[in-house]
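The structure appears below as structure tokens.
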Amino acid sequence: MYNSYAAFYQRNTCTTSRHYQIYPNIKVYNLSALWQSDKLLLLSLNKYEPFPQPLGIIGKNYQRFYIHYTSVIKDAGNPYQYKVQGKTRVGTQVRPFTGTIKILQAGIYKSGNAYAPETYKGYKRGQMICNLTINEDSKIPGSGTIAGNLTTNFCLNAKNQLLYDTLDFGSDGYGNNQFSGNWIANGSKQSQKLQFGDITIYDSPFSDIDGITVPPQYEKYGWQNYVSAISNDNRPASKAAITEEKRQWWK
């Protein structure tokens with residue numbers, strides 16, 4: 001297995017034709033399930049699991065940031081744009097939002113590229129660079145706007161069906177739907193750096209070869225429960241933390 005998926009991802013985002021060929025047919029698909037779904041098909045394991053909830057960090061202290069899309073709908077008038085609704089959360093503050101995902105470019109990795117190994121014959125792998133813009137409900141105190149780039153990996157099977165790319169699920173540094181941008185407070189120029197992603201957060205102190213590792217100095221900024229939620233640990237504190245991590249806080 002490619003030992004540094006994250007490093008490869010960072011080097012091979014769709015910014016040069018050396019690595020990929022433009023894929024204009026992206027517009028014919030409904031891509032909503034790449035960002036919002038009840039379940040996720042693990043292609044390499046041929047089984048389903050719950051769709052991942054993004055892990056996020058905001059501000060200089062890397063406060064834990066939550067985001068959940070409750071609706072992602074393809075724009076009837078623009079095949080490269082999707083209307084999104086959902087909620088964000090920092091601490092106990094939950095804010096509804098509306099916004100858009102706009103596809104800026106999409107490409108299929110060329111044959112022979114390390115991101116498309118021979119192990120996965122019958123699949124083509126690709127990547128999209130999108131602009132994500134979110135407006136939190138201005139009636140909620142402390143609300144703001146979010147803007148930045150969202151990078152999504154996808155694949156095409158032998159039937160030309162477009163799927164969330166889980167071919168390397170579980171490998172070192174695996175992740176998807178990586179966002180990098182800023183949160184700006186309404187009525188202010190106050191800006192905070194914001195990053196989030198599925199499974200891991202690339203290019204951050206939390207990035208790790210096995211999901212994410214929370215640096216001890218940042219645990220107090222909303223990460224204590226995440227650290228306490230240890231799989232297969234039957235101690236009451238750990239079981240309670242796991243339950244909290246699974247709680248559908250957006251409902």
Residue by residue through region 50-74, note down the ones that are part of a strand (DSSP E or B) and among the hydroxyl-bearing types (Ser, Thr, Tyr). TYR66, TYR69, THR70, SER71
What tally of residues in region 207-244 results from selecting those that are under 16 Å from LYS60 (Cα atoms), among the aliphatic types (A, V, I, L, M) and more than 21 Å from the chain's Cα centre (by Cα)? 0
Output yes when any residue across region 115-123 is open to solvent by less than 30 Å² (accessible area, probe 1.4 Å) and outside any loop (DSSP other than H, G, I, E, B), and no when none is. no
Are any residues in region 166-191 surrounded by fewer than 22 Cβ atoms within 10 Å (Cβ to Cβ) and among the acidic types (Asp, Glu), and if so, which ones? ASP172
Does region 75-88 include one or more residues that are exposed (fewer than 14 other Cβ atoms within 10 Å of the Cβ) and outside any loop (DSSP other than H, G, I, E, B)? no
Residue selected from region 205-226 under the condition loosely packed, with under 15 Cβ neighbours inside 10 Å and assigned to a loop (DSSP other than H, G, I, E, B), by the criterion modelled with the lowest pLDDT: ASP210
Restrict the check to region 129-141 and report whether at least one residue is open to solvent by less than 50 Å² (accessible area, probe 1.4 Å), in a loop (DSSP other than H, G, I, E, B), over 19 Å from ASN46 (Cβ atoms) and at pLDDT 95 or above. no
Go through the residues of region 234-247 one by one and say whether even a single one is touching a strand residue (DSSP E or B) at 6+ places or on another chain (Cβ under 6 Å) and either open to solvent by less than 30 Å² (accessible area, probe 1.4 Å) or under 29 Å from TYR164 (Cβ atoms) (or both). no
Could you please find all residues in region 192-204 being open to solvent by 60 Å² or more (accessible area, probe 1.4 Å) and at pLDDT below 95? ASP203
If TYR48 satisfies every condition in (1) in contact (Cβ under 8 Å) with a residue 40 or more places away in the chain; (2) more than 28 Å from SER188 (Cβ to Cβ) but one, which is the exception? (1)
From the list TYR29, TYR62, which one is open to solvent by 20 Å² or more (accessible area, probe 1.4 Å), touching a helix residue (DSSP H, G or I) at 6+ places or on another chain (Cβ under 6 Å), of a type outside the set (Lys, Arg) and in contact (Cβ under 8 Å) with a residue 60 or more places away in the chain? TYR62
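Conditions tested, residue by residue: (1) touching a Ser or Thr at 6+ places or on another chain (Cβ under 8 Å); (2) surrounded by fewer than 17 Cβ atoms within 10 Å (Cβ to Cβ).
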| site | (1), (2) |
| --- | --- |
| GLY99 | yes, no |
| ILE103 | no, no |
| ALA106 | no, no |
| LYS110 | no, yes |
| ARG125 | no, no |
| ILE146 | yes, no |
| THR151 | yes, no |
| PHE154 | no, no |
| ASN160 | no, yes |
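The values are calculated or read from the model by the stated rules, or taken from the named source; none is laboratory data. These numbers come from a predicted model, not from an experiment. Cβ coordinates were reconstructed from backbone atoms using ideal geometry, including for glycine residues, and neighbour counts include every protein chain displayed. What goes into the accessible areas is simple: the full protein's heavy atoms, side chains included, and nothing from ligands, DNA or RNA. Shrake-Rupley method; radii C 1.70, N 1.55, O 1.52, S 1.80 Å.
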